[in-house]
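See structure below.
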Amino acid sequence: MSPFLKSFLSGRRVLGAYLRYHSSLTAELIENMDKKATWDRFYTETSSGKATFKNFEWFFGFDSVRDFIMPLLQTMSRPDAALQVVDMGCGTSALGPSIYRHSPVSVHVTCADISPIAVKLMQEHIQAKAIQPHSCSSQIEFVELDCTQLDKRFSPSTVDLIIDKGTTDALLRSREGKRNASLVLKQCLRVLRSSGSLLQFSDEDPDSRLIWLETAAQDPGVMTADVGVQEVGELRGIHYYCYQEDFQSRC
């Protein structure tokens with residue numbers, strides 16, 4: 001079993017049991033995590049027959065990482081405009097809505113996913129729950145978006161913070177996803193402000209991820225200021241890390 005799938009299954013025992021009885025879906029996840037059809041099938045099959053909606057969290061929920069996100073938003077805050085935050089590959093996670101709900105500074109949170117099924121589920125859920133933001137000027141939206149094409153949605157140097165909780169892991173560990181993972185990273189560089197940050201939450205060891213981040217991010221006109229890592233902690237026997245990449249200037 002791949003480390004990603006082990007981490008994935010450990011997060012939800014009920015879903016783990018579901019997948020054991022749906023071996024074809026398990027195999028598809030292992031081999032085709034970079035494919036839109038895989039995620040459409042995943043969210044369709046795991047939500048069908050459910051009387052009530054439940055968020056599905058990859059790795060862990062908002063409470064495990066709020067101390068990495070909230071202080072960063074406060075240091076970025078601007079009195080004249082909302083911070084542009086992207087939850088990249090949001091799925092049906094409560095991460096984006098939780099940032100919208102709890103951020104003391106004004107944010108415009110865009111929850112983006114390649115699967116229209118996941119997007120529709122989240123739109124319906126948010127409308128039903130009527131979540132109120134901490135800051136009255138904050139906004140949230142859910143959009144169908146291929147994250148290898150972030151620049152189709154966002155202009156260069158317009159995003160303050162991109163959060164990636166497992167999306168890059170899924171790409172790197174899919175059969176043909178390494179090229180797309182590098183493309184996603186370069187897209188992040190293009191749309192982030194010069195003062196912006198990318199946070200990647202991952203179970204990949206720093207010895208591997210830091211080297212990949214430093215090499216895959218190479219792109220003309222972009223200078224990487226710093227790549228750092230902090231340990232999130234050990235959850236269900238798996239170590240997780242927060243990789244932060246900050247960008248200093250564009251020529």
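The values are calculated or read from the model by the stated rules, or taken from the named source; none is laboratory data. Because the structure is a prediction, the values reported are computed rather than measured. Surface accessibility is based on the protein's heavy atoms, side chains included, excluding ligands, DNA and RNA. Shrake-Rupley method; radii C 1.70, N 1.55, O 1.52, S 1.80 Å.
Things worth noting here:
- For the cross-link pairs LYS129/LYS178; LYS129/LYS186; LYS129/LYS165; LYS50/LYS152; LYS50/LYS186, the ones whose C-alpha atoms lie over 30 Å apart are LYS129/LYS178; LYS129/LYS186; LYS50/LYS152; LYS50/LYS186.
- The mean accessible area for residues of region 22-138, using a 1.4 Å probe and ignoring ligands and nucleic acids, is 44 Å² per residue.
- For region 145-220, the equivalent ellipsoid derived from the Cα gyration tensor has semi-axes of 20, 14, 12 Å, listed largest first.
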